[in-house]
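The values are calculated or read from the model by the stated rules, or taken from the named source; none is laboratory data. What you see is a predicted model; the values in this text were computed from it and never measured. A quick note on method: Cβ atoms are made from the backbone with ideal geometry, for glycine too, and the neighbour counts reach across all protein chains shown. The protein model used for the area step is the full one, side chains on, heavy atoms only, and it has no ligands, DNA or RNA in it. Shrake-Rupley method; radii C 1.70, N 1.55, O 1.52, S 1.80 Å.
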Amino acid sequence: MAITPYHATTFNLSSSPNRFTSIARTGFVSYPTLFNPYKLDAIFSSTLLSLSSKRKQSRKLFNVTSAVAPAETTAEFDEMVSGTQRKYYMLGGKGGVGKTSCAASLAVKFANNGHPTLVVSTDPAHSLSDSFAQDLTGGTLVPVEGPLSPLFALEINPEKAREEFRDVSKKNGGTGVKDFMDGMGLGMLADQLGELKLGELLDTPPPGLDEAIAISKVIQFLELQEYNMFTRIVFDTAPTGHTLRLLSLPDFLDASIGKILKLRQKISSATSAIKNVFGQEETRQDASDKLEKLRERMIKVRELFRDTNSTEFVIVTIPTIMAISESSRLRASLTKENVPVKRLIVNQILPPSASDCKFCAMKRKDQTRAIDMIRNDPELSSLLLVQAPLVDVEIRGVPALQFLGDIIWK
Ligand SMILES: Nc1ncnc2c1ncn2[C@@H]1O[C@H](COP(=O)(O)OP(=O)(O)OP(=O)(O)O)[C@@H](O)[C@H]1O
């Protein structure tokens, strides 16, 4: 019989609460967990624990070691979780490799380890809602039910935001622009650009503008007193290309704002007719101050991405040559941008098996080859290699994410 240690269906991942209760009645759950206020999760996690020790036993029994990687490395989660200073984790990589699942499971793990956590998706094609099996749309912070400490999720859709912006700009002939931009934390840009046909500018947006909207929204939230509590921020980023644009964006905006400020200086020294375009002296001064603030905020973002003490970019990949090649290029670009990278998650690795079908044997060989490639890749070989197994159900909902998180983030 094939051994599938990560056979999640065995762990009742998709079970109803009643089935958990019946597990409890059969004595599968250790006594103290019944006092936990989050009973279902407690029962669930202790069931997982109990089954995970069974898993270890069955490994011993059949002397099964990981087929693709003899030496198991851990993610060194202790280091990730230690300290109450705010830390940012950005998970990125090729499309479909499991960025969202890894980001969501990390956020759940942080929250279960005492960190009030915010998980943010800046991917225009969001899947956080699907991953948490909860509606997180709406562009604002939504509490996620289940973890032991507060966990909030935020899905930002920059494309949609841009669409909305264009609509408002058309409908109101530009007058609603400022309100909308204020809402996005970019009000000061609107002040400056409102009269410069910003709507037209958005028809051919400069690279990174969508990400600008996403980033400024997050920063705006984090500046609010009520969101001071978050000590871990996990970003589920868009696929590689977008991420790189996002990283270079603060520079871009900084440069743009610089241009705008220069333009303003020129205008303010011009005739009164032109002065009317920007309003009275006081208003102009106020707008300049706001613009400076935006510039400062962008500089903060740029520094944040590069701050080894507070930020880490975690690359997520799968064991295929194509995904690994892209990860290697991503690492090179991140190094160029001075973004700290320490961990590489290789997701969806076939779990060990005593007897392989032909397809599995081939697939396993293929994966082994891909993992060897990582070990010989100059960009990737120095990273902490964390292996995550392919599980046999879709990872959806907090209990399932907790299950995945406990496997990956050790
Ligand atoms: N270790 C795993 N075992 C089994 N299924 C997985 C695993 N990791 C991810 N998946 C599944 O793969 C699919 C894609 O995962 P996910 O949405 O996390 O990837 P992504 O990289 O965020 O994708 P996108 O680039 O489209 O946003 C999902 O159905 C998810 O449940």
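Go through the stretch 370-386 and give me each residue that's out of contact with any helix residue (DSSP H, G or I) (no Cβ under 7 Å at 6 or more places or on another chain) and open to solvent by less than 40 Å² (accessible area, probe 1.4 Å).
Hits for the stretch 370-386 are ILE371, LEU383, LEU384.
I'd like the full set of residues that are over 12 Å from ARG232 (Cα atoms) and touching an Asp or Glu at 6+ places or on another chain (Cβ under 6 Å), limited to the stretch 92-119.
Answer for the stretch 92-119, where residues must be over 12 Å from ARG232 (Cα atoms) and touching an Asp or Glu at 6+ places or on another chain (Cβ under 6 Å): LYS94, LYS99, THR100.
Which ones in the stretch 298-346 are open to solvent by less than 50 Å² (accessible area, probe 1.4 Å) and of a type in the set (Ser, Thr, Tyr)?
SER310, THR311, THR317, THR320, SER325, SER327, SER328, SER333 - these are the residues of the stretch 298-346 that are open to solvent by less than 50 Å² (accessible area, probe 1.4 Å) and of a type in the set (Ser, Thr, Tyr).
Does GLN367 satisfy the condition of being at pLDDT 95 or above, out of contact with any helix residue (DSSP H, G or I) (no Cβ under 6 Å at 6 or more places or on another chain), assigned to a helix (DSSP H, G or I) and within 16 Å of the ligand (Cβ to nearest atom)?
Yes: the conditions hold for GLN367.
Only one of GLY139, GLY146 is at pLDDT below 90, farther than 25 Å from MET322 by Cα and either within 14 Å of the ligand (Cβ to nearest atom) or surrounded by fewer than 23 Cβ atoms within 10 Å (Cβ to Cβ) (or both); which?
Exactly one of GLY139, GLY146 is at pLDDT below 90, farther than 25 Å from MET322 by Cα and either within 14 Å of the ligand (Cβ to nearest atom) or surrounded by fewer than 23 Cβ atoms within 10 Å (Cβ to Cβ) (or both), namely GLY139.
Give the residues of the stretch 78-110 that are within 8 Å of the ligand (Cβ to nearest atom) and under 17 Å from PRO150 (Cα atoms), sorted by residue number. So that I can check it myself, show each step before the final result.
Step one: list which residues in the stretch 78-110 are within 8 Å of the ligand (Cβ to nearest atom), which gives 93-104.
Residues satisfying the conditions are ALA103, ALA104.
What are the residues in the stretch 111-132 that are surrounded by 24 or more Cβ atoms within 10 Å (Cβ to Cβ), in a loop (DSSP other than H, G, I, E, B) and near the ligand (Cβ under 9 Å from one of its atoms), if any?
ASP123
Given the conditions (1) assigned to a loop (DSSP other than H, G, I, E, B); (2) open to solvent by 20 Å² or more (accessible area, probe 1.4 Å); (3) at pLDDT 95 or above, report the number of the one that LYS410 does not fulfil.
Checking LYS410 against (1) assigned to a loop (DSSP other than H, G, I, E, B); (2) open to solvent by 20 Å² or more (accessible area, probe 1.4 Å); (3) at pLDDT 95 or above, the one that fails is (3).
Note down all Cβ pairs under 8 Å where the first residue falls in the stretch 386-410 and is under 15 Å from THR100 (Cβ atoms) and more than 7 Å from the ligand (Cβ to nearest atom), the second is of a type in the set (A, V, I, L, M) and part of a strand (DSSP E or B), and they're at least six residues apart or on different chains.
ILE408/ILE345; ILE408/VAL386; ILE408/ALA388
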